[in-house]
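The values are calculated or read from the model by the stated rules, or taken from the named source; none is laboratory data. What you see is a predicted model, and the numbers here were worked out from it, not measured in a lab. Heads up, the Cβs are rebuilt from the backbone with ideal geometry, glycines too, and the neighbour counts pull from every protein chain shown.
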Amino acid sequence: MNNKFSGMNGLVDGRPFIVLNPEMNPERNRSTIIHELAHLMFRWPEDMEEKAIEKMATAVGGAFLFPKTDAIRELGIRRSAVAGDMILVAREYGISMLLLVKRAEICRILPSTAARAFYVAAARAGWQTAEPSRIPAEKPALFEQLVYRAVNEGEISVQRGAELLGVPYDSIAPMLAAVQ
């Protein structure tokens, strides 16, 4: 993975945009989207150092994706170490183990010593740059939805809908409106 770039944000003609590294896994994409959104939404103090701003934007992303109330409900009030069941929680929330452990540490569920031990093991495994994904790659559904709507509303033919979706003609039929 090209890890020199995660994401960036900005404005074009007053409209916000966020750009992501397409090689990132879904967990990292989610974190990056919220991190970049925090940059767009918050007004940081003029005298705040860039490193502190980055840390705050990351903290906002973590709190958004795995709120403290959810962390306590899913992980318990106290833990002494990172355990395998936490992978299931990370998968359920669509977040990385690195983010889950960081949130558990920030929420004081997990002691800093246990978090540090996990970070060392994760670094040895290469997770700082390429943590394995535990959720399937996400596929946007809007285009497919719009094609089916266009076919159902008679805006395009079934054949054209099949061509746009790259599927056989027969596979479109189950998604069509019932004959009235």
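Annotations for the structure displayed:
- Within the set ALA71, ALA57, ALA83, the sole residue that is hydrophobic (A, V, I, L, M, F, W, C), assigned by TED's automatic domain parsing to the domain that holds SER112 and at pLDDT 95 or above turns out to be ALA71.
- Residue count for the range 86-130 under the criterion of being part of a loop (DSSP other than H, G, I, E, B) and modelled with pLDDT under 95: the result is 5.
- If you check LEU165, LEU100, LEU110 for being surrounded by 15 or more Cβ atoms within 10 Å (Cβ to Cβ), in contact with a helix residue (DSSP H, G or I) (Cβ under 6 Å, 6 or more places away or on another chain) and closer than 18 Å to GLU27 by Cβ, only one passes: LEU100.
- Hits in the range 11-29 - residues which are of a type outside the set (A, V, I, L, M), modelled with pLDDT under 90 and not in a helix (DSSP H, G or I): ASN21, PRO22, GLU23, ASN25
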